[in-house]
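Asks: Input: one structure, supplied below.
The values are calculated or read from the model by the stated rules, or taken from the named source; none is laboratory data. Worth saying up front: this structure is predicted, and the values here are computed from it rather than measured. Here the Cβ positions follow ideal geometry from the backbone for every residue, glycine too, while neighbour counts run over all protein chains shown.
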Amino acid sequence: MPDKIKWGIISTGYVAHEFVQDFHLVKDSEIVAVASRSGSRARDFARQYKIPRWYGSYRELARDPEIDVVYIGTPHVFHKENSLLCLENGKAVLCEKAFTINAREARELVSYARKKKLFLMEAMKTRFFPAVFELKKMLADQAIGEIKIISGQFGIFREYDDQHRLFNLELGGGALLDIGIYLISFGSMLFGKPVYVSGQAKFGKTEVDEYEIVSLEYENEVLANFSISFQAPSPREATIRGTKGYLKLHEPLHRLHQITTGLLDSEEKTTSFPYTGKGFHYQATEVVNCLRADKTESDIMPLEESVEIMETMDKLRQQWGLKYPTES
């Protein structure tokens, strides 16, 4: 690997801006190119962040010989196509969540990356915050005894706009893939693949899921109940309950930095775990560390788990009769 890992960015949308704004915190790396389907947007993005090169097509960026790894921030329905393009051109890939729109696409991506012996990872930034590592240690040490229940909610309010990707079925819109995945992935990280999956969803004018309740059961008999919505705001938080007490994971869950421990016959204790930037740089640093160690996947966000998370969401969508146009 060179002294500096050289990155390309596919997309100039909101999440790409967030990612790039944190990038100065990533060591031994630099962004050398950005691509958009609109040359003018790519040019403006490059000028804003002083990125040396910009492209008006993703293929041009994928063929840039100087790039080592590509961050993909396009809508869900394009993740497989964009990731494959980069892998076919020998690039490592960090692809935004949701990894793809279904498990079939996820398996195809993973299979191809392994065949080519190239690094691939889902960009689930939540996994890499300092508080999350501490939470996993607390559970491993049975700080609140044997875990029984996890409940969580992730609610925002988005004004109706049939042009916005959240309301657009053809772009993989809906609450589950965009924000519900935070809770689904969080449960997977802590308790593994659920053995029982059930849920109820309500749909809006554009036929996307706007809010839902999801119930899961894991192998160790832990039960989960998740409330998800972009039409009903709520604190984005979770509570884990065990035989000795509970852990409250404070708002915002996807940038966790505060945990309250409540034990039987003891006062609550709240601990803060500060983080730098907006937290996007932690996952980029994991990519850099993996590349330097010649690893083709992350132990923290393994590829098999990304597939399993998609399988869980597939089961929910099948129950709801929710199918995206690209799946037909």
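Asks: Could you check how many residues of region 306-327 are assigned to a helix (DSSP H, G or I) and free of Cβ contacts under 8 Å to residues at least 60 places away in the same chain?
Replies: 1
Asks: In this structure, is residue 135 touching a residue at least 24 places away in the same chain (Cβ under 8 Å), outside any strand (DSSP E or B), farther than 23 Å from residue 13 by Cα and not charged (D, E, K, R)?
Replies: Yes: the conditions hold for residue 135.
Asks: Six or more apart or on different chains, Cβ under 6 Å: which pairs go from a residue in region 242-259 that's on the phi > 0 side of the Ramachandran plot to one that's of a type outside the set (A, V, I, L, M)? Could you list them?
Replies: Going by the 6 Å Cβ cut-off, the qualifying pairs are 245/262.
Asks: Filter region 22-40 for residues that are buried (at least 17 other Cβ atoms within 10 Å of the Cβ) and in contact with a strand residue (DSSP E or B) (Cβ under 9 Å, 6 or more places away or on another chain) and give the result.
Replies: 23, 26, 29, 31, 32, 33, 34, 35, 36
Asks: Sticking with this structure for a sec: Among the residues of region 41-60, write down those that are small (Gly, Ala, Ser) and surrounded by 17 or more Cβ atoms within 10 Å (Cβ to Cβ). Walk me through it before giving the result.
Replies: Narrowing region 41-60 to residues small (Gly, Ala, Ser): 42, 46, 56-57.
42, 46, listed by residue number.
Asks: Sticking with this one: Condition first: part of a helix (DSSP H, G or I) and either out of contact with any Lys or Arg (no Cβ under 9 Å at 6 or more places or on another chain) or of a type in the set (Gly, Ala, Ser) (or both). Now tell me which residues in region 170-182 satisfy that. Please lay out each step first, then the result.
Replies: We begin by selecting, within region 170-182, every residue part of a helix (DSSP H, G or I); these are 170-171, 175-182.
Residues satisfying the conditions are 170, 175, 180.
Asks: Would you confirm, using the coordinates I've provided, whether residue 120 is surrounded by fewer than 21 Cβ atoms within 10 Å (Cβ to Cβ) and outside the structural domain of residue 211 (by TED's automatic domain parsing)?
Replies: no
Asks: Out of the strands (runs of 3 or more DSSP E) lying entirely within region 189-305, which hold 3 or more residues that are surrounded by 16 or more Cβ atoms within 10 Å (Cβ to Cβ)?
Replies: Result: 194-203, 209-218, 223-229, 231-242, 245-249, 258-263.
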